[in-house]
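A short reminder: the numbers here are calculations on the coordinates, not readings from a lab. Remember, predicted model here, so these are calculated numbers, not experimental data. Neighbour counts are summed over all protein chains in view; Cβ atoms, including those assigned to glycine, are modelled from backbone coordinates with ideal geometry.
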Amino acid sequence: MAHRSAKWKQGSLMKVSSEVCPVCGGTGWKFAGEERRVSRCDCRLKQKGEALLAAARIPKRYEHCELSNFSFEGPHSHLTRARMDVCKFVEEYPLENTGLLLIGSIGVGKTHLAVGIIKELILSKGIACLFYDYRELLKQIQNSYNDSVKATELEVLRPVFETEVLVLDELGAVKPTEWVWDTVSLILNTRYNDNRTTIITTNYPDDPAKEASGTSEFSRAQRAVRGETLGDRIGERMRSRLHEMCRIIKMEGADFRQTIKSASFR
């Protein structure tokens, strides 16, 4: 019995020793240069990145999304500029903390790029990021008003306010009401005032709301036939705020998912 116990301990020690970083010896610090300056070891940066990635709330559907596997060649060559812009954003962050507003129709890859951005910021720069679907966030806030739910509105919103980089996916996807507009205003204004970076995706064109799109007869005719815009869905005040907070990246093209589905039948 004692022999088995000693053998188990020996095996455990061998396993632990094999997991110790050979660069820092498990201390988390390494020496560099002739002056022997101390800096954080890459193993600790990797551990931090993995912890931040686990806390970022990236949905399983998008866990595979990275900037490196975003399709922008062949039939999707029109998306080359969008990918270049987001790669530059990641490279220069945090020299400029202006956010991004990714605009395009359903399925062009907006969410893929947004997730790719925060994964790169987390793993290469150790930046705390958070992903939230706009509809899910509003639902969680509404649920916090229920007495049977333990989380309060502030507890739901605090990480949204405080994370260094926030992805707000599908902005405008919820039917606009006064409460929705007030909530969007609170989130965007708080992050704007705190000088935090927000990355937003939306399917709605960046055009004014109907009541703000002109008064001529021609404008009335246009408004009668056009679809809803970002101004309609979040209000002109918040649309104006987004222009202060974000650089706009327009993405045009066919739905990736429809392309893949069509190809599967060939």
In this model, which of Lys139/Lys250; Lys60/Lys119; Lys48/Lys119; Lys48/Lys88; Lys110/Lys139 are farther than 20 Å apart at the alpha-carbon?
Lys139/Lys250; Lys48/Lys88; Lys110/Lys139
Simple SL model, points at 7 angstrom along Cα→Cβ for Ala55 and Glu211; separation in nm is 4.2
Residues whose built amide H sits under 5 Å from the amide H of Val174, excluding neighbours closer than 5 in sequence, are none
Integer Hz, Karplus 6.51/-1.76/1.60 couplings in order for region 95-111, x for Gly and Pro
4, 10, 9, 4, x, 10, 10, 8, 10, x, 6, 4, x, 8, x, 4, 5
Virtual spin-label span in nm between Glu136 and Thr80, 7 Å along Cα→Cβ:
3.5
Please list, in order along region 171-176, the HN-Hα scalar couplings obtained from phi with the Karplus expression 6.51 cos²θ - 1.76 cosθ + 1.60 (θ = phi - 60°), rounded to whole Hz, x for Gly and Pro.
4, x, 6, 9, 3, x
With x for Gly and Pro, the residue-by-residue ³J(HN,Hα) of region 125-142, computed from phi through the Karplus equation 6.51 cos²θ - 1.76 cosθ + 1.60 at θ = phi - 60° and given in whole Hz, is 10, x, 8, 6, 10, 9, 10, 9, 6, 3, 5, 5, 4, 4, 5, 5, 5, 4
Spelling it out for Thr197: with amide H atoms placed in the peptide plane at 1.01 Å from N, the residues 5 or more places away or on another chain with amide H under 5 Å from its amide H are Leu166
For Asp133, list long-range residues whose amide hydrogen, built 1.01 Å from N in the peptide plane, is under 5 Å from its own amide hydrogen.
Asp169
Quickly work out the Tyr145-to-Glu244 label distance, labels modelled 7 Å from Cα along the C-beta direction, and quote it in nm with one decimal.
2.7
